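Each reported figure results from applying straightforward, stated rules to the coordinates on display, with no laboratory input. These figures come from a predicted structure and were not determined experimentally. Cβ placement follows ideal geometry from the backbone for every residue including glycine, while neighbour counts extend to all protein chains displayed.
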Amino acid sequence: MKNYAVAVLSIGLFLMLNTACGPGKTTENKKLQGSWVSKDGKTKLQITSKQFILDEDGPIKEDYFLKGDTILTSFEGNQPYTRFVIQKLDEHQLNLFFPDSVTVEFSR
């Protein structure tokens, strides 16, 4: 009986933490939001409060959420998430480490 109670409490705690910290809760970062252009001018990026829009050969709109210094994107909520790591972020510059192990420098 004791083990059953511990298991139920553990599952409940896990579900509460997962709900509170999961992808449904978007942490807004005003510095991140806006229009960005890569240093070479080939890639455009627009980040709104809800969408991550990457435009290399045509716009690709994806939902996103932040987890620490990582942007996790997904098309219509599908998994697995695509990870972009923020290496540098200020008012005028954004350096993103792309999933293909390339760092792209953006500016406003």
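Can you classify region 27-107 as rounded, prolate or oblate using the Cα gyration tensor, where a ≥ b ≥ c are the square roots of its eigenvalues, rounded means a/c under 1.5, and otherwise it's prolate if a/b beats b/c and oblate if not?
Working: a/c = 1.37, a/b = 1.20, b/c = 1.14.
Rounded is the answer for region 27-107, as its axis ratio a/c remains below 1.5.
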Next item on the list: Evaluate the charge dipole of region 27-107 about its Cα centre and quote only its size in Debye, nearest 20, assuming +1 on the Cβ of each Lys and Arg and -1 on the Cβ of each Asp and Glu.
Entry: 180
Next item on the list: Compute the length gained on full extension between Thr70 and Lys88: take 0.36 nm times their separation in residues and subtract their Cα-Cα distance, giving the result in nm to one decimal.
Entry: 5.3 nm
Next item on the list: Report the one residue of Gln46, Phe106, Asn29 whose Cα lies farthest in the direction of the positive end of the charge dipole of region 27-107 (charges on C-beta: Lys and Arg +1, Asp and Glu -1; origin at the Cα centre).
Entry: Asn29
